[in-house]
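Written out below as structure tokens is the structure these notes cover.
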Amino acid sequence: MIGLMGTFDDFASRLAGARHVVALAGAGVSADSGVPTFRDARSGLWAKYDPTELASPQAFARDPQRVTQWYDHRRQLALQCAPNGAHEALATLEHWLSEHGARFTLLTQNVDRLHQRAGSQCVHEMHGTLLRWRCSACGAEALETHPEPFAMHPPGCARCGGPRRPCVVWFGEMLPAEALRAADAAVADCDVFLSLGTSAVVYPVAGYIERALARPGTLAGEINPEPTPMSDGFDLVLRDRAAAAVPGLVQAAIERGGNGR
Ligand code: OAD
């Protein structure tokens, strides 16, 4: 683990004494659970399909069967995966901060619900979730956590028979208004910001990193094995996997905060 810019100890102390911590998670946080990242071409599935070509309303209109088969496959994969040490450490941090009168807000770009399964409470799903599906005709929504694939693709709506789609945000679509409002408020209030496992290139969410880095008095840390376009702006950069580095950082904060808060 290599810390750049600031020292790990200083950062852990500030994290322990924070008033409001905001963490922004990307696909790298779930990578250690076996969920492939978007720009990772190694996996067979991801090599075969370009996610950015399937993740649009136009693709769904053109080929609803192919698009929903792919999302149903990802839905089943997410259900088979388990939260890793990074998900668990973020849930631990939230719990510990709330016991000490501080706030924690998690903004996630991940659609797999692994944060919630690890016990995180204050989670805003900026890009929706794979585990809810919505009728494209009448808007009826349902939670879909069965391990087997849908009987047909696209799955039909129980109410009106219309074709259903995952409740994920596709390219060209608006992000959920409630999640945007929550993210705006949290980033405008935080004194520690963590950017975890995100390539920091997909907007509008990447804009929250810019805002946090520009906020006077907000300490910002990045955990990612690879540099991102935003790396230079952080106070602490840990070039490591999230599942390895997040538990270490959270543990260090809790140890330092035990007496200090
Ligand atoms: P990306 O696939 O763009 O980037 C994943 C990031 O995780 C990269 O910067 C990797 O270096 C890093 N990474 C890989 N393994 C890691 C590990 N074990 N620990 C920590 N970091 C690791 O994923 P996102 O930034 O989440 O949008 O992508 C943002 C959005 O682009 C996604 O939510 C999706 C996508 O297109 C929509 O579907 C709307």
Tell me which residues, restricted to the range 231-249, are within 19 Å of Val22 (Cβ to Cβ) and away from the ligand (no atom under 13 Å from the Cβ). Gly233, Phe234, Asp235, Leu236
What is the residue count in the range 83-128 for residues that are within 11 Å of the ligand (Cβ to nearest atom) and of a type in the set (S, T, N, Q)? 4
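Are any residues in the range 209-227 more than 12 Å from the ligand (Cβ to nearest atom), in contact (Cβ under 8 Å) with a residue 24 or more places away in the chain and not polar (S, T, N, Q), and if so, which ones?
Arg211, Ala212, Arg215, Gly217, Leu219, Ala220, Gly221
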Here the residues within the range 189-207 that are within 12 Å of the ligand (Cβ to nearest atom) and either farther than 19 Å from Ala179 by Cβ or in contact (Cβ under 8 Å) with a residue 24 or more places away in the chain (or both) are Leu194, Ser195, Leu196, Gly197, Thr198, Ser199, Ala200, Val201, Val202, Pro204, Val205, Ala206
Inter-residue pairs, beta-carbon under 8 Å, first within 21 Å of Leu97 (Cβ to Cβ) and touching a residue at least 12 places away in the same chain (Cβ under 8 Å) and in the range 19-30, second within 9 Å of the ligand (Cβ to nearest atom) and in a strand (DSSP E or B), 6+ apart: Ala23/Leu196; Leu24/Thr108; Leu24/Leu196; Ala25/Thr108; Ala25/Leu196; Val29/Thr108; Val29/Leu196
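Name the one entry in Pro166, Pro154 that is of a type outside the set (Lys, Arg), crowded, with 19+ Cβ neighbours inside 10 Å and within 12 Å of the ligand (Cβ to nearest atom).
Values: Pro154 fails: within 12 Å of the ligand (Cβ to nearest atom).
Every option except Pro166 fails the conditions.
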Can you confirm whether the range 59-76 contains a residue that is outside any helix (DSSP H, G or I), modelled with pLDDT of 75 or more, out of contact with any Gly (no Cβ under 6 Å at 6 or more places or on another chain) and within 13 Å of the ligand (Cβ to nearest atom)? no
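Against the condition without any contact (Cβ under 8 Å) to a residue 60 or more places away in the chain, outside any helix (DSSP H, G or I) and at negative phi, how does Glu178 come out, does it pass? Please lay out each step first, then the result.
Details: without any contact (Cβ under 8 Å) to a residue 60 or more places away in the chain: yes; outside any helix (DSSP H, G or I): no; at negative phi: yes.
So Glu178 does not fit the description; no.
With respect to Cys122, determine if the residue is under 30 Å from Arg62 (Cβ atoms), free of Cβ contacts under 8 Å to residues at least 60 places away in the same chain and either of a type outside the set (Asp, Glu) or surrounded by 19 or more Cβ atoms within 10 Å (Cβ to Cβ) (or both).
On the way: under 30 Å from Arg62 (Cβ atoms): no; free of Cβ contacts under 8 Å to residues at least 60 places away in the same chain: yes; either of a type outside the set (Asp, Glu) or surrounded by 19 or more Cβ atoms within 10 Å (Cβ to Cβ) (or both): yes.
In short, no.
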Residues of the range 119-175 being closer than 19 Å to Glu53 by Cα and of a type in the set (Phe, Trp, Tyr), in sequence order, are Trp170, Phe171
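The values are calculated or read from the model by the stated rules, or taken from the named source; none is laboratory data. The model shown is predicted, which means the values in this text are computed figures rather than measured ones. Neighbour counts are summed over all protein chains in view; Cβ atoms, including those assigned to glycine, are modelled from backbone coordinates with ideal geometry.
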